[in-house]
Amino acid sequence: MYNDVCELRDFYYTTTLGRAAQKAMRDRLMTCWPSVKGLSVAGFGFAAPLLRPCLSEAARVITLMPGPQGVMHWPAEMANHSVLVDETNWPLATDSVDRLVMLHGVETSERPAALMEEAARVLKIGGKAVLVLPNRSGLWARRDGTPFSLGRPYSLGQAQTLCSEHGFQVDNHSAALFFPPRDRKSWLRWAMMLEGMGQRLSRRHAGGVLLVEATRIPDTPRPSGLAEREGKPLRILNPVPSPTVRPAWRAQRRDRRQDG
């Protein structure tokens, strides 16, 4: 079940808490990718708040918004860079994207495995993806009223397994949203200070979201189960070997012939 695009827009662009969350996550993303000059950048889910800095230097920027969520014109003051898509069938050519951000997409998808396969399809070999996922042990996934409370939160191990099973090699991970998810001015005055302290003290445990950076790697063929042979197969249908000891009745017949 996806968030509604209007609710996401209102949270990130009209609330103080949403703007603080937007800045905290975008700062971490820019640390992962200091420059995207000349690159093709895509975002899936509702990654628009994180991609604005890319508009000035990337060769192409596109936000892919899934059908159940809905789509909006983005950015508001410029030509549109967003498109409504099926979550597992993106209108992008294979090996056409250099950088991919996934925010509010993986945890709310009913088919995360198929979604990751589609992400691997459009990314170039060596291309980078950053998955922004609600932290299962963080406060934001437990607090109603934010977009991170909807869907399935992830632990770091689960996020790494999801990547490694679908064509990605995990390179790095970090966290963001170390300040409490409360839309109060008394808290938000200290939000960025708490964010800085959290970055120095913890990379994953206390943050509200996990940022997992992974590289698209070449597909490795897996051997078919039919080709695998058992080291010591059971010889159930093999013929019974001939006995080494003669039956008694044969020994008696041999003795009679010798006597005669």
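The values are calculated or read from the model by the stated rules, or taken from the named source; none is laboratory data. Computed from a predicted structure; not experimentally measured. Don't worry about glycine lacking a Cβ; one is built from the backbone with ideal geometry, like all the others, and counts go over all protein chains shown.
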Single residue of the range 88-108 satisfying the filter (in contact with a Gly (Cβ under 7 Å, 6 or more places away or on another chain) and in a loop (DSSP other than H, G, I, E, B)) that is surrounded by the fewest Cβ atoms within 10 Å (Cβ to Cβ) | T108
Subset tally (residues that are under 10 Å from the mean Cα position of the chain (by Cα) and hydroxyl-bearing (S, T, Y)) for the range 157-184 | 2
Hey, among G138, G126, which residue is small (G, A, S) and either free of Cβ contacts under 8 Å to residues at least 60 places away in the same chain or closer than 25 Å to E195 by Cα (or both)?
-> G138
Matching residues in the range 130-176 - criterion: being of a type in the set (D, E, K, R) and either assigned to a loop (DSSP other than H, G, I, E, B) or in contact with a strand residue (DSSP E or B) (Cβ under 7 Å, 6 or more places away or on another chain) (or both) | R136, R143, D144, R152, E165, D171
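Could you go through the range 15-31 and let me know if any residue there is farther than 24 Å from G207 by Cβ and more than 18 Å from the chain's Cα centre (by Cα).
First pass over the range 15-31, keeping only residues farther than 24 Å from G207 by Cβ: none.
Within the range 15-31, not a single residue is farther than 24 Å from G207 by Cβ and more than 18 Å from the chain's Cα centre (by Cα).
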Among residues belonging to the range 56-66 that are at pLDDT 95 or above and not in a strand (DSSP E or B), point out the one that is surrounded by the most Cβ atoms within 10 Å (Cβ to Cβ).
-> A58
On the given criteria, is R200 loosely packed, with under 10 Cβ neighbours inside 10 Å and either aromatic (F, W, Y) or modelled with pLDDT under 70 (or both)?
-> yes
With (1) touching a helix residue (DSSP H, G or I) at 6+ places or on another chain (Cβ under 9 Å); (2) within 20 Å of G126 (Cβ to Cβ); (3) at pLDDT below 95 as the list, and P34 as the residue in question, which single condition is left unmet?
-> (1)
